[in-house]
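Note sheet for the following structure.
Where a number appears in this text, it was derived from the coordinates with a stated rule and is not lab data. Since we're looking at a predicted model, the values are computed, not measured. Note: ideal-geometry Cβ built from the backbone for every residue, glycine included; neighbour counts use all protein chains shown.
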Amino acid sequence: MHDNQIALITGANKGIGLTIAKNLAEHGLTVLVGSRDLANGETAAQGIDGDAHAIQLDVTDQASITAAADRVRDEFGRLDVLVNNAGISHATPWEEMPGNTFEERAQSGQLSKVSLDELREIFDTNVFGALAVTHAALPLLRESPSPRVVMVSSGVGSLANASQPGNRYRAMFGAYSASKAAMNAITVGLAISLESEGIRVNAISPGFVATDLNNHRGVLPVEEGGKDAIRLALQEGGPTGTFTDQDGETIPW
Ligand code: NAI
């Protein structure tokens, strides 16, 4: 059995996921850098100071998820931390839509306009992907003395906030926000159904962070955005079924 705690972070080849991976490795955890493209994951893992290993993982591909879980079992025997970080804001990445402004992209996601294909693709990654990886990871998490799952959600998925007329994210509530609201529902449901087993499941919002996800329109550095995911990933014991921002403050569901 591996002495280090083992953490798997999905979509950890860049952005907030990479920051989380670096930080957990600095804290002495063995970090599994989930990446759709194994080569990108290997490059990211090489840049991490500590025990980091790339692992091929596309959260929308069940064969990839199963193979990743099998590899974790064979090589490490268990999982202590799962961070469901992989996410998309639109079906088409920014670089394939030159000229589109942030505002135009946000508008196109509004629920009265968005195509069902676009919505399905976003949900496939942000909602069903996170749940599929969690399902595959559960037998490995059950081998841990202190298992925890962190869902990288978003404050824009707060239905309570979106229902407040003065809320600044209200006008932006679209397909991406709906997917994060669904991720929040899954977080609550998983927390309830895993409570008796001591598997903690919490959701966080990184804040508005400058990454490829928003064409670097975000205002916070990745180190700031990763803070609360790192807190929960390192915390043995503690609450389950919470939703907090980058400063650990509660966000209403
Ligand atoms: P990013 O675009 O830099 O990173 C997203 C990561 O997810 C990449 O590594 C990408 O390859 C991966 N990914 C996408 N689809 C995948 C799939 N099917 N399988 C595996 N990996 C996949 O963006 P960022 O900002 O680092 O996003 C990380 C998480 O933070 C996402 O869940 C996002 O929704 C969330 N978030 C980000 C905010 C921001 O302002 N940047 C605000 C709120 C939440």
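Out of segment 191-239, which residues are more than 16 Å from the ligand (Cβ to nearest atom) and either closer than 22 Å to Phe128 by Cβ or in contact with a helix residue (DSSP H, G or I) (Cβ under 8 Å, 6 or more places away or on another chain) (or both)? Explain how you work it out, then say what you get.
First, the residues of segment 191-239 that are more than 16 Å from the ligand (Cβ to nearest atom): 191-200, 234-239.
Result: Ala191, Ile192, Ser193, Leu194, Ile199, Arg200, Leu234, Gly238.
What residue, of Gly77, Gly50, Gly99, is more than 12 Å from the ligand (Cβ to nearest atom), among the small types (Gly, Ala, Ser) and more than 29 Å from Val201 (Cβ to Cβ)?
Working: Gly77 fails: more than 29 Å from Val201 (Cβ to Cβ); Gly50 fails: more than 29 Å from Val201 (Cβ to Cβ).
Selected residue: Gly99, the only one of Gly77, Gly50, Gly99 that is more than 12 Å from the ligand (Cβ to nearest atom), among the small types (Gly, Ala, Ser) and more than 29 Å from Val201 (Cβ to Cβ).
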Every residue in segment 6-28 that is more than 13 Å from the ligand (Cβ to nearest atom) and not charged (D, E, K, R), please. Ile6, Ala7, Asn23, Leu24, Ala25, His27, Gly28
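Among the residues that make up segment 83-90, is at least one of them over 22 Å from Met151 (Cβ atoms) and either crowded, with 16+ Cβ neighbours inside 10 Å or touching a residue at least 40 places away in the same chain (Cβ under 8 Å) (or both)? Walk me through how you get there before you give the answer.
Just the residues of segment 83-90 that are over 22 Å from Met151 (Cβ atoms), to begin with: none.
No, segment 83-90 contains no residue that is over 22 Å from Met151 (Cβ atoms) and either crowded, with 16+ Cβ neighbours inside 10 Å or touching a residue at least 40 places away in the same chain (Cβ under 8 Å) (or both).
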Give, as residue ranges, the helices (runs of 4 or more DSSP H) completely inside segment 143-253 that count at least 3 residues that are under 20 Å from Ala86 (Cβ atoms) and within 17 Å of the chain's Cα centre (by Cα). 175-194, 222-225, 227-234
